[in-house]
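The values are calculated or read from the model by the stated rules, or taken from the named source; none is laboratory data. Everything numeric here is computed off the predicted structure, so don't read it as measured data. Using ideal geometry, Cβ is built from the backbone for each residue, glycine included, and neighbour counts are taken over all protein chains shown. Protein only, heavy atoms only, side chains kept; ligands, DNA and RNA dropped before computing areas. Shrake-Rupley method; radii C 1.70, N 1.55, O 1.52, S 1.80 Å.
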Amino acid sequence: MCGICGVIHFDGKPVTRELLARMNDRLRHRGPDGEGYFIDGNVGLAMRRLKIIDIAGSDQPLYNEDGSVALIFNGEIYNYHELRRELEARGHRFKTDGDGETIAHLYEDYDAEALKRLRGMFALALWDGRRRSLLLARDRFGQKPLYFYEDSKVFVFASEIKAILAHPAVPRVSRFNGEDRRALAAYLSFGYVPAARTAFRGIDMLEPATAMRVEVLGNGSNPYIGEPYAYWDLPTLAPPDLSAKAGSYVRDLREQLEEAVKLRLVSDVPLGAFLSGGLDSSLIVALMRRHSNAAVKTFSIGFQGDDSFDETPQAEKVARHLDTEHTAFRVKPEAMSLLSELVWHHDQPFADSSAIPTYLVSKLTREQVTVALTGDGGDELFAGYERFYAAELMQKLRFMPAPILRGAAGLLRRLPEGTGYYDLVKRARRFARAASQGFEDAYFDLVRVFDAELLAEICPGADQDRLSINSYMDLSQPHPVAKLVKANMWSYLPDGLLIKADRCSMMASLEARAPFLDHELAEYAATIPFNLKLKGTRSKHILKEAARGLLPDEIIERKKHGFGVPLGAWLRQDIEPVRDILLSRRARERGLLEMSIVERLIAEHESGGRDHNRQLWALLTLEEWHRVFVDGALVQAPSNSPH
C-alpha cells in the first residue's frame, strides 16, 4: 500500500526533488516504510511505501527492462503470479518479486488495455518515456483514490488532495463559496462531495474504473490532456426470475467467494480481519479460516454510551465459533477530539460519523497486524441495505395517497426522537416522508443527510433541481430496485464507503482488503436473479444460503446492523463544543448557512426533541474543513494527529 503523487510543468520548468519531497511528505502516513522518486526534466513522480509484498525489494518507481516505462502505484494486484508467468513466457525479465512490476511489463505489451487484465485495487501513474505520456488509472470500484489539478502551466496529481496543495501553483479555494451554491447543497444532501468534483475549485477526482492520459510533446508547452474514460462497467443486474432456485447458484457463488478471499491472503506481513459479528465480515473470516495455515486474528470495537451500537458481543460469539484470536476494543466517547484529525485525513468535509469507529478500530488493529480483510461490498453486491427493502415496500404502497403519508410523517414529527440505532419514531417518520414522494426521490430521501425542506431552510438560494441519484441510474436495468442497487454502487460505495475505508485505514498505516469487491465476483453476482438477493423481506438471501454450514444460523439470520457510533447520545451529553464551533464568529462570517436554523438544530438535539446527529456532524466537518484547509496555513497535520 502506498501514496503516490506527481507533477508535469507545461512551461518546461524542471521538477525538483525538493518540490516532490514536499508533496510526498504529506502522504507519509500512507507509506511509512520508504519513499521513491523519478524525475525526467519537467516531469516528476514520487511515492511513499507501506511494505506488504516483497519487503526486501519492489521499491518504487518500478521499471520495464530498458527503463522507458516508470511506474508508481498504490494498491495490490492479486493475480500478479498468473500475469508474471504469462509475461515471462513472452520474454519479459523481472528484477523484483512483487506485484507492481507486472504492470510495467504488461503495459509494454498491451498499452492501456493492460488495465483490463489487472485483478485488484489500485491507483497508478505510469510514465511512458518514449511517448512522453503519463497514464493515470483507478481500480474498478474505486478502492484507491486519485485526484488531479490542471491549468495552462501545470498538471499535479496525488492520492490525497493535501499533497496536491503542497504545490505552490495550486490555489486553495473553497468550491462552496460564491456562486456555486449547488456544491454546498450537494454536500449537505449526500454527506460528501460527489465525484468527480471535490470541495476545492480546480481539483477533481479520477472516478472508479477510469483512466486518463497527459501527453507532453517537446518542452511541454503544447500538452494534450485527454478526457477521463471508463475501461470497465458492472454488467446489468439480472432481473427477477421466479423459477430460479438458490441452490442453482450457491456452489458457484461460494467458489467465487473462496477464490476472492484466497487471493487476498497473500502477504509478507501479519494479516487479520475486522469482525463486526454481521454476516459479511463473519463469512469473510470463516473463509479465511478454511484457507489460512496460521491462526486468524480478528478485531472488533464497541463504544460506551449506547448498547444499541455495540456489536462486540456478537463479534465475540463468531470469534469463539470460528476459533480466531480475537481482540475486542471498547472505547470512551471522543468524537470531538477526533474531528480535526479526521477532517485532515479526508481532505474534504465528510458527514459519515462511522469514520470514527473505522479509524479507531484501524488504529488499534495496526498494533498487531499490517493488513486487515473487511466485509465491505457485501451489501452492494447482494442488496443488503435496509433502504433497498424500504424501496421495495414503497413500491407496494403506491396505492396510498401521498397526503396521507405526509400527514403520518407530520404526526410522527411531533414525537420525541431517541438516539438509539433502532429508534422506531425516527425510522417510521423518515419512511413515511420518503414514501410520499416519487420512487427515485423517495430513495434519495432515505439516504440524504439534509432533506429537501431542511436544506432549503439552512441553505437558501441553493439550486436543488439537480440533486438526485438519477444521474447514476442505469436505464437498462429492468427492475426498479435493481436500478437503485446499481446506482448505489456508483455513488455511495466509491464516494462514501470506500473513501472512509481508505482514509481511516491509511490514517493508521493499515492496508484494508475487501474480497467482496473482487470484480470477477461482482460480475458473477450480477448474473444472479434479483429476487434471490432481495427475496420479500429477506435481504442478501443468496449470500445467506451460501453461508450455510460455515456460520451458525443465528449469525446468518441476525438483523442488519450498520457500523456506527452513538454520536447522538454523545453530543446530547456535551453540546457545548458543538455550539462553540458552529455558532462561532468565524462560522457566522462565512455566510454559507442560515444561522438561525443551525441554532434550532442544536437546541432541538440538546432538548431531546429530535436526533440531529447526522446533520450536526455534517456541519461540524464543513466548518472544521474551512478552518484547516481554507483559513489555515496548511503546513502540517493538526496538533492532535500522530502523523
- line: Taking a ≥ b ≥ c as the square roots of the Cα gyration tensor eigenvalues, with a/c under 1.5 meaning rounded and otherwise prolate when a/b beats b/c or oblate if not, region 73-129 comes out rounded
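From the protein chains alone at 1.4 Å, what is the descending order of accessible area for Phe38, Phe73, largest first?
Working: Phe38 30, Phe73 5 Å².
My answer, sorted largest first, is Phe38, Phe73.
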statement: Each label sits 7 Å from Cα toward the beta-carbon; between Glu604 and Asp40 the label points are separated, in nm, by 5.7
query: In percent, how large is the relative contact order of region 469-615, given Cα pairs closer than 8 Å and 6 or more residues apart?
result: 11
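Please give the calculated 222 nm ellipticity per residue for the chain, where each DSSP H segment of at least 4 residues contributes -39500 (n - 2.57) and the sum is spread over every residue; nearest 500 deg cm²/dmol?
-11000 deg cm²/dmol
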task: Using label points projected 7 Å from each Cα along Cα→Cβ, tell me how many nm separate Arg585 and Trp232, to one decimal.
output: 5.3
- request: Could you pull out which residues in region 96-113 have an amide N less than 19 Å from a spot 7 Å beyond the Cα of His81, following the Cα-Cβ vector?
  value: 96-103
Answer label, with Rg and Dmax of the Cα atoms in Å calculated from the coordinates and candidates (i) 26.8, 97; (ii) 27.8, 90; (iii) 24.2, 73: (iii)
- line: Which of Lys486/Lys540; Lys144/Lys500; Lys116/Lys544 exceed 22 Å between C-alpha atoms? The answer is Lys116/Lys544
query: How much accessible surface area, in Å² rounded to 10, belongs to the heavy atoms of Val266 with a 1.4 Å probe?
result: 60
- line: Ordering 363-369, 344-350 by per-residue average of other C-beta atoms within 10 angstrom, highest first, gives 344-350, 363-369
- prompt: Which whole-number percent is the relative contact order of the chain (Cα, under 8 Å, 6+ apart)?
  reply: 17
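Share of region 1-141's accessible area from carbon and sulfur, percent, 1.4 Å?
Values: 2150 of 4760 Å².
Taking all protein chains in place, region 1-141 shows 45 percent carbon and sulfur surface.
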message: For the pair Ala456/Ala633, report the inter-label distance in nm, with labels modelled 7 Å from Cα in the Cβ direction.
response: 4.6
message: Using the Karplus curve 6.51 cos²θ - 1.76 cosθ + 1.60 with θ = phi - 60°, what ³J(HN,Hα) values do you get for each residue of region 316-324, in whole Hz, with x for Gly and Pro?
response: 5, 4, 5, 4, 5, 4, 8, 6, 9
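Quickly rank 93-103, 232-242 as a protection proxy: mean count of other C-beta atoms within 10 Å, highest first.
On the way: 93-103: 20.2, 232-242: 15.0.
Averaged packing, sorted descending, gives the order 93-103, 232-242.
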query: Per-residue HN-Hα couplings for region 619-632, Karplus 6.51 cos²θ - 1.76 cosθ + 1.60 at θ = phi - 60°, whole Hz, x for Gly and Pro?
result: 6, 5, 5, 5, 5, 5, 4, 4, 5, 7, 9, 9, 7, x
field: Computed E for Gln573/Tyr472 - FRET, C-beta separation, R0 45 angstrom, nearest 0.05
entry: 0.75
message: Accessible area per residue for region 512-643 in Å², computed with a 1.4 Å probe and the full protein assembly in place, what is it?
response: 38
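Among the trypsin sites (Lys or Arg not before Pro) in region 483-521, which ones are in a DSSP loop with at most 14 other Cβ atoms within 10 Å of the Cβ? Mind listing them?
Numbers: sites: Lys483, Lys486, Lys500, Arg503, Arg513; in loops: none.
Here no loop site has a sparse enough neighbourhood.
With a 10 Å radius around each residue's Cβ, average the other Cβ atoms per peptide and rank 296-302, 541-547, 592-598, highest first.
Working: 296-302: 24.4, 541-547: 22.3, 592-598: 16.9.
Going from most to least packed, we get 296-302, 541-547, 592-598.
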